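Written below as C-alpha cells is the structure these notes are about.
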Amino acid sequence: MKLFANEEAFQLALKRLNALTPVWDWHPKIFRKVHEDIFGVQIKLREIYFKKQVGPSFHSVKKLSRTSMEKFLYLFVAQIPMVEAIAETLIAGDHQKLREAAMKLDALLGEPEDVIRGEIGLASTFAPPCAPNPFGSSSSYQMQHPQG
C-alpha cells in the first residue's frame, strides 16, 4: 500500500522531518547485509533504509526500513498540519514567527515575566545561534534577581 502519492511527496515529508530534528538528519543508505530496523522490520541485502545518528558514538544509530519510514512520515508529518507548518517555517528560516508562537504557548504555561524576557521556555529554543537576545541580556536579569 502506497502512503504517498509519489516519491516527491515522500522526500518532502522527509525534508520536513529533518527540519524538526536539527542535530543529525535521517538519510538514505543501502545495506550490505540483512538487519532489522527499530520496529523489527527486516531490511534486506542492498535495500534502501534510513539512518540517523542519535549520539556521538558509533553505536548510537537508529535505522528504519523504507516501509517503516513511510509509515512514520505519513503518521507524524503528513497527517498533522501543525507539524507540516512548523517544519516549513524552520525550512524557510523564519525563527521569529516560531519564537512568537512559542512565547504565546509559554505565556500559558510559564511565568509571564520570564517568558517576556525570553529567558525560559520554548521561545528561547528558537533563538538564532550566536544572536543577541532581543529581550536584553540575562546578566541584567540575574543582577536584579540574585539567586541565593
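Just so it is clear, none of the values below were taken in a lab; they were calculated from the coordinates. Here the structure is a predicted model, which is why all the values come from computation and not from measurement.
Side notes on the structure shown:
- 24 Å Cα-Cα reach of Lys29 towards lysines, excluding residues that sit fewer than 8 places from it in its own chain: Lys2, Lys15, Lys44, Lys51, Lys52, Lys62, Lys63, Lys71
- Val61 long-range amide H proximity, modeled H, under 5 Å: Val54
- Couplings 3J(HN,Hα) of region 43-59, computed from phi: 10, 7, 3, 6, 9, 6, 9, 10, 10, 9, 6, 10, x, x, 7, 4, 8 Hz, in residue order, whole Hz [Karplus 6.51 cos²θ - 1.76 cosθ + 1.60, θ = phi - 60°; x for Gly and Pro].
- J(HN,Hα) series, region 68-85, from Karplus relation 6.51 cos²θ - 1.76 cosθ + 1.60, nearest Hz, glycine and proline x: 5, 5, 4, 5, 4, 4, 4, 6, 8, 9, 6, 9, 10, x, 5, 5, 4, 5
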